[in-house]
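Report on one structure; see the data block that follows.
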Amino acid sequence: MRVSYHPGYLAEIPQGHVFPMGKFPGLRGFLLKKNIVRERNIINPRPVLTEHLLTVHTPRYVDAILNGNLEKKEARRLGLPWSESLAIRSQLAVQGTLNAAMMALEDGVAGNLAGGTHHAFSDFGEGFCVFNDVAVAIRVLKQSLWVKKVLIIDLDVHQGNGTAAIFHDDPDVYTFSMHGEKNFPFRKPPSTRDVGLPDKTTDKVYLETLETHLNDILAEFSPDLVFYLGGIDPLETDRFGRLSLTLNGLRERDRMVLRLISSRELPIVLLLSGGYAPTVEQTVQAHAIMYEEAVIRYSIMM
C-alpha cells in the first residue's frame with residue numbers, strides 16, 4: 001500500500017503544546033518497523049500549488065498562512081502559532097492527501113500519514129486545522145475530471161464543520177459525520193448526514209449505529225472515491241473525546257469501513273484526523289490500526 005509522508009510534516013510548536021505533532025514521524029517509523037508499509041511505498045509530496053489551495057480557500061486567508069499575516073484572533077482560533085515550518089507543513093499535507101487520492105484511484109487504497117483537517121473553512125482555520133486537505137483534493141480532482149461523485153466518511157469525534165460548510169451546496173459530495181453530539185464544535189453546520197452520539201457511547205452501540213448509516217448511504221449514493229477520516233479520538237482514553245470506544249472497538253470500526261467500501265470495489269483514501277491519547281506512542285499505535293487493517297483487507301482481495 002502506498003502512503004504519503006514528508007519529514008516536513010513535523011512543524012515547530014511550543015514544547016508542551018497539546019497537539020501531538022510527534023505522531024507524524026512516529027507513525028511512519030511504527031508502520032515501517034511492523035512491516036505494515038515499505039520504504040519504497042512512502043511517497044514524498046511537494047508543497048501544494050497555491051492555485052490548488054485557491055479552489056477552496058480565499059486569497060486573503062491563503063496569503064495570511066503562507067506569509068505569516070494572521071491576525072491574533074485568527075491564530076487563537078487556529079490553535080497553533082504561526083511559523084514558516086507550519087506553513088510548509090500545511091502545504092505538504094494537502095498535497096499528500098491529493099497524491100493519496102490519485103494513488104487510491106490507481107490502486108484501490110492509499111493513505112496520507114497526516115490529513116483530515118476538517119475544521120478548516122474557506123476563510124479561516126480552527127481546531128488545529130490550517131487548510132482543508134480533503135476539500136482541496138476533491139475540488140482539484142473534480143476540476144480535472146478524475147472523479148464526479150465523492151463520499152467523505154468522517155469518524156473523528158468532532159464534527160467536520162469546515163468540510164460540511166464548504167460542500168453544503170454540492171450534491172456530488174456526500175459528507176457523513178458521526179461524532180460526539182455535545183463535543184466541539186458547538187456550532188455544527190449541517191453535513192449531508194450527521195449522527196451525533198451521546199457521551200460515553202460504547203463499542204456495541206457505536207458499531208451498530210455506524211453499520212446502519214453506512215449501509216443506508218451506500219445504498220443511495222454511488223461515489224467514485226471515498227475519503228475516510230479515521231480519527232482515533234472516540235477512544236475512551238482520549239483527552240477530549242468523551243466517547244468510550246475500546247481499542248478493539250476502534251479496530252472493528254476500521255475493519256467495518258474497509259469491508260463495506262472494498263466489497264463495493266470503491267477506492268478509498270485513509271487519513272489520520274484527530275487523536276489525543278495519553279502519550280504520543282499510544283496515539284501512534286491507535287492510528288496504525290487503520291493501516292494494518294487496510295493491508296490485511298486488501299492483501300486478501302489481491
Just to verify a result, which residue in segment 21-80, among those that are aromatic (Phe, Trp, Tyr) and over 18 Å from the mean Cα position of the chain (by Cα), is farthest from Ser299 (Cα to Cα)?
Tyr61
Residue in segment 201-222 that is outside any helix (DSSP H, G or I), closer than 20 Å to Ser262 by Cα and either basic (Lys, Arg) or in contact (Cβ under 8 Å) with a residue 24 or more places away in the chain (or both) present:
yes
What are the residues in segment 70-97 that are part of a loop (DSSP other than H, G, I, E, B) and on the phi < 0 side of the Ramachandran plot, if any?
Leu70, Glu71, Leu80, Pro81, Trp82, Ser83
Take the conditions within 30 Å of Val295 (Cα to Cα) and either surrounded by fewer than 24 Cβ atoms within 10 Å (Cβ to Cβ) or in contact (Cβ under 8 Å) with a residue 40 or more places away in the chain (or both) and apply them to Gly96. Does it pass?
yes
Considering only segment 159-187, state which residues are touching a Lys or Arg at 6+ places or on another chain (Cβ under 6 Å), within 17 Å of Val257 (Cβ to Cβ) and not in a strand (DSSP E or B).
none
In segment 105-120, which residues are crowded, with 24+ Cβ neighbours inside 10 Å and not β-branched (Val, Ile, Thr)?
Ala110, Gly111, Asn112, Leu113, Ala114, Gly115, Gly116, His118, His119, Ala120
Does segment 239-257 hold any residues that are surrounded by 17 or more Cβ atoms within 10 Å (Cβ to Cβ) and among the polar types (S, T, N, Q), and which are they?
Ser244
Here the residues within segment 10-69 that are in contact (Cβ under 8 Å) with a residue 24 or more places away in the chain, among the charged types (D, E, K, R) and part of a loop (DSSP other than H, G, I, E, B) are Glu12, Lys34, Arg46
What number of residues in segment 223-271 are in a loop (DSSP other than H, G, I, E, B), closer than 24 Å to Pro20 by Cα, touching a residue at least 12 places away in the same chain (Cβ under 8 Å) and not aliphatic (A, V, I, L, M)?
12
Any residue in segment 215-232 that is polar (S, T, N, Q), out of contact with any Phe, Trp or Tyr (no Cβ under 6 Å at 6 or more places or on another chain), under 17 Å from Glu252 (Cβ atoms) and surrounded by fewer than 19 Cβ atoms within 10 Å (Cβ to Cβ)?
yes
Out of all the residues in segment 118-131, is one or more of a type outside the set (Asp, Glu) and assigned to a helix (DSSP H, G or I)?
no
Exactly one of Leu207, Leu260 is among the hydrophobic types (A, V, I, L, M, F, W, C), within 19 Å of the chain's Cα centre (by Cα) and surrounded by 14 or more Cβ atoms within 10 Å (Cβ to Cβ), and that one is Leu260
Report whether or not Val195 is within 17 Å of the chain's Cα centre (by Cα) and either modelled with pLDDT of 95 or more or not in a strand (DSSP E or B) (or both).
no
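The values are calculated or read from the model by the stated rules, or taken from the named source; none is laboratory data. Everything numeric in this text was worked out from a predicted model, so none of it was measured. Note that we place each Cβ from the backbone using ideal geometry, even for glycine, and neighbour counts take in every protein chain shown.
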